[in-house]
Amino acid sequence: MEKKLFIDPPSLLRWLPKEGRDNVLFLDLEADFLDDRTIRLDLNIVFRPIPIRRGKLQTKDYYVGSTGARITFDAFLGRVTNYTCGAPLKVDYEHTNTHSRKASVKIAPTIEVSDKLGTNIGEVTFDKNVERVFTSRFSGAEKILSDVNLGHAVEWEIKLPDGQAIRDYLFGNLYLFVESSWDAVAKKGRIEVRPSDLLFFDSDRRAIGDRRKALAMRFALWRQGIRLNPESLIINFREAE
Amino acid sequence: MNDREIDVDEDTSALLSAIAEAADDPLMIAEAARVDPAEFREFLSDYGEVLDEDAVQILEAAESFQAESFQLRSKKRRRVIRHYHEVKGDDGLMRLTYPGIFVRHMAPFRLLLLLNLGLALSVAYGLLGAALVWYLGGKTEAQVFFAAYAGSFKTIISLGIILGTSLIVFYTQDVIPNTIEGALGEQLAGDYFHHKRSFFSLRRSLTFSVEAVVVAFMIFSYCRFPLSKIAEPVMLVAVCFEYALLAYVTRKLLYTSMMLHSLLGATVTRNLFRKRELDAINAYANFASTLAVIFVCFHVVTYYSGPFLYNRPFGQSVKTFLLLPALVAAPLLIVCSLYPRVVLKKLYGRSIDIEIKRLKKLMKTEDSSAAEKRFYLIEFDKMSRDELRAHLQLTLSDFLSPIAILIMLIILLLRGLFPSLAVPV
């Protein structure tokens, strides 16, 4: 039997229009129902600094990016049973994780429309017994992925190791998985991805000054009508009844 | 912005570079980012970062920078103002007095004297005319003539005004070419000298005036003054003389405008704005045209409502021709009174450019930063342009001519609509 998961708001990367992609990080996910009570979510955190193109003869871009992020998974009235554990992400880190899907699952954005329409706009189906390979790749400086299990929730933090003078922006995909069970009828929860900062980097991926400079540069762009979004990306999910 | 990159214009790119290269100091960052405190507050409120510590530092830096800059600007501004008046060569008295026609060319009392002389000549003509009519036709005819001359047609005043105006124009006509040649000298084009010849041409003056006399004679002899055969020609001479003098004044003003028009292409080599060298032209044109317009209004209103006989074949239909001075001369006079301002604005504007260039050269040797020099020049330019704007700004007094014409039209309209209304003039 096919399962269905509603996502609200529909802020997954696959549903975002091009003009709405003004974040330095995005979230995408794939879902699987391991049994009647357990849902597995494979999260794809995309770190993509925004280039600011300047110069005509010799183009030299600035980048707006983040040096760290915090990802929170919260299962409402549920408990986390398994998840990606923290690890140091070495220079040119690559990690592969394979998962064979147990159930056929649809994820769909929650859209406020009349029931009569029976809309299936944006629905994505993940078929049963399909094996998926998730490969996280990070180049540049070494990073640390830390985790903390709160029982009903799990938090990951990705950041540069302490004491590192040279800061680099996050660029790449981080795949995390989390499995959680619910005794309650309603299986629902929340995922939040928050950049730890929003800095400007030069073309050599070196951060330009401190936060004050980043703020001044953001102000300069804001005056031109360019608004950079430093806010958290939050989505709520719930199983369709 | 799309999902790949942000494109910024050159200014923003330069601004970002300036911020990137600024020292890690809030004041430097705020200065590089040209942070306006009010605008920055709006930015913070937009992002909801009002209490952000870094943001507060930048905001405070911007506020202190603004205060400092204001103080610096005030000091510099005072210095610029001092220099500005030095360059202009102004002293306190010079700034208080109007360096136009009255101060430099002709005392205002002499102008009033000429105007009064015109009125006196008009009275004299009336008395002489009455004496002549008395001598040739008797006492009653003389009384009726003088009553018409001074009362019903008020020729005594209209002739007086135009006589006075013509005398002023005649005695001050050298002001225009002298002022222009004194200011621009060898830079004058051939057109100017052509118009100058026309301006002074006696033949042209006579031609214009004679044409006006012919027109006046035709109109007023057709309307017919309610006077005896002896008294009527005396009135006709007076009214034809009024037309002739109006043509004279209008022609002079017209050629003044033509001479000024030829200056638009002239090269300005020095600062004429410093001592307002061309102001006399404006004063001359404004004064003469205002007096002429007052005459036109008075003349048209009084004669249009005058007790003419209108006993010729076309009857009262000829009355419309009495409006001729208002239709022909008045618009021309208004243009002539306002046009010198346009030319002066252009020539003074070029003078300010010359002064700025001169200052630039002088400042090359000065021991101050490029930014200070630029600020100095910008301030000087701004002050000069502001003063020029204020100096040649149209004020209510400049609209005396149009206002007078408007009043005249209202009176005529009222009399046309309500003939029973005797509006005294």
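The values are calculated or read from the model by the stated rules, or taken from the named source; none is laboratory data. Fair warning: this is a prediction, and the values are worked out from it, not measured in the lab. With ideal geometry, Cβ positions are generated from the backbone for all residues, glycine too; neighbour counts draw on all protein chains shown. The protein model used for the area step is the full one, side chains on, heavy atoms only, and it has no ligands, DNA or RNA in it. Shrake-Rupley method; radii C 1.70, N 1.55, O 1.52, S 1.80 Å.
Quick test for you: out of B:F225, B:F241, B:F193, pick the one residue that is surrounded by fewer than 20 Cβ atoms within 10 Å (Cβ to Cβ) and either farther than 27 Å from B:L114 by Cβ or not small (G, A, S) (or both).
Just a single option satisfies the conditions, and that option is B:F193.
Hey, any hits in segment B:102-110 for a residue that's open to solvent by less than 10 Å² (accessible area, probe 1.4 Å) and in a helix (DSSP H, G or I)?
No, segment B:102-110 contains no residue that is open to solvent by less than 10 Å² (accessible area, probe 1.4 Å) and in a helix (DSSP H, G or I).
Any residue that is modelled with pLDDT under 85, over 20 Å from A:V64 (Cα atoms) and either open to solvent by 30 Å² or more (accessible area, probe 1.4 Å) or facing another protein chain (nearest Cβ under 9 Å) (or both) - is there at least one of those in segment B:16-26?
Yes: segment B:16-26 contains one or more residues that are modelled with pLDDT under 85, over 20 Å from A:V64 (Cα atoms) and either open to solvent by 30 Å² or more (accessible area, probe 1.4 Å) or facing another protein chain (nearest Cβ under 9 Å) (or both).
For residues in segment A:12-51 being outside any strand (DSSP E or B) and open to solvent by less than 20 Å² (accessible area, probe 1.4 Å), which is nearest to A:S196 (Cα to Cα)?
A:V24
Which residues, taken from segment B:262-286, are assigned to a helix (DSSP H, G or I) and in contact with a helix residue (DSSP H, G or I) (Cβ under 7 Å, 6 or more places away or on another chain)?
B:S262, B:L263, B:L264, B:A280, B:I281, B:N282, B:A283, B:Y284, B:A285, B:N286
What do you reckon, is B:G164 over 30 Å from B:Y310 (Cβ atoms) and touching a Leu at 6+ places or on another chain (Cβ under 6 Å)?
Here the answer is yes, as B:G164 does meet what is asked.
Mind checking which residues of segment B:210-246 are hydroxyl-bearing (S, T, Y), at pLDDT below 90 and in a helix (DSSP H, G or I)?
Across segment B:210-246, the qualifying residues are B:S221, B:Y222.
Applying the selection to segment B:320-370, what residues are open to solvent by 60 Å² or more (accessible area, probe 1.4 Å), modelled with pLDDT under 80 and either hydrophobic (A, V, I, L, M, F, W, C) or touching an Asp or Glu at 6+ places or on another chain (Cβ under 7 Å) (or both)?
B:L362, B:A370
Find the residue count for segment B:27-40, including only residues that are surrounded by 15 or more Cβ atoms within 10 Å (Cβ to Cβ), part of a helix (DSSP H, G or I) and not aromatic (F, W, Y).
7
With the requirement that a residue be surrounded by fewer than 18 Cβ atoms within 10 Å (Cβ to Cβ) and more than 7 Å from every other protein chain (Cβ to nearest Cβ), what does segment A:203-222 give you?
A:S203, A:D204, A:R205, A:R206, listed by residue number.
Can you tell me how many residues in segment A:10-40 are among the acidic types (D, E), more than 11 Å from chain B (Cβ to nearest Cβ) and more than 17 Å from the chain's Cα centre (by Cα)?
Of the residues in segment A:10-40, 3 are among the acidic types (D, E), more than 11 Å from chain B (Cβ to nearest Cβ) and more than 17 Å from the chain's Cα centre (by Cα).
What pairs come out if I take residues in segment B:4-15 that are more than 14 Å from A:D61 (Cβ to Cβ) and pair them with residues that are among the charged types (D, E, K, R) and open to solvent by 30 Å² or more (accessible area, probe 1.4 Å) whose C-beta lies under 8 Å away, six or more apart or interchain?
B:L15/B:R34
Any residue that is among the hydroxyl-bearing types (S, T, Y), at pLDDT below 70 and within 18 Å of B:C297 (Cβ to Cβ) - is there at least one of those in segment B:398-408?
Yes, segment B:398-408 contains at least one residue that is among the hydroxyl-bearing types (S, T, Y), at pLDDT below 70 and within 18 Å of B:C297 (Cβ to Cβ).
Determine, yes or no, whether A:F177 is open to solvent by less than 40 Å² (accessible area, probe 1.4 Å), at pLDDT 85 or above and of a type in the set (A, V, I, L, M, F, W, C).
Yes; evaluated as a whole, the condition is true for this residue.
Looking at segment A:41-49, can you tell me whether even one residue there is free of Cβ contacts under 8 Å to residues at least 40 places away in the same chain and within 14 Å of chain B (Cβ to nearest Cβ)?
Within segment A:41-49, none of the residues are free of Cβ contacts under 8 Å to residues at least 40 places away in the same chain and within 14 Å of chain B (Cβ to nearest Cβ).
Any residue at all in segment A:72-80 that's within 10 Å of chain B (Cβ to nearest Cβ), farther than 21 Å from A:V124 by Cβ and over 12 Å from the mean Cα position of the chain (by Cα)?
Checked against the condition, which is being within 10 Å of chain B (Cβ to nearest Cβ), farther than 21 Å from A:V124 by Cβ and over 12 Å from the mean Cα position of the chain (by Cα), segment A:72-80 yields no hits at all.
Exactly one condition in (1) touching an Asp or Glu at 6+ places or on another chain (Cβ under 6 Å); (2) at pLDDT below 70; (3) not in a loop (DSSP other than H, G, I, E, B) is not met by A:K116; state its number.
Only one criterion is unmet by A:K116, namely (1).
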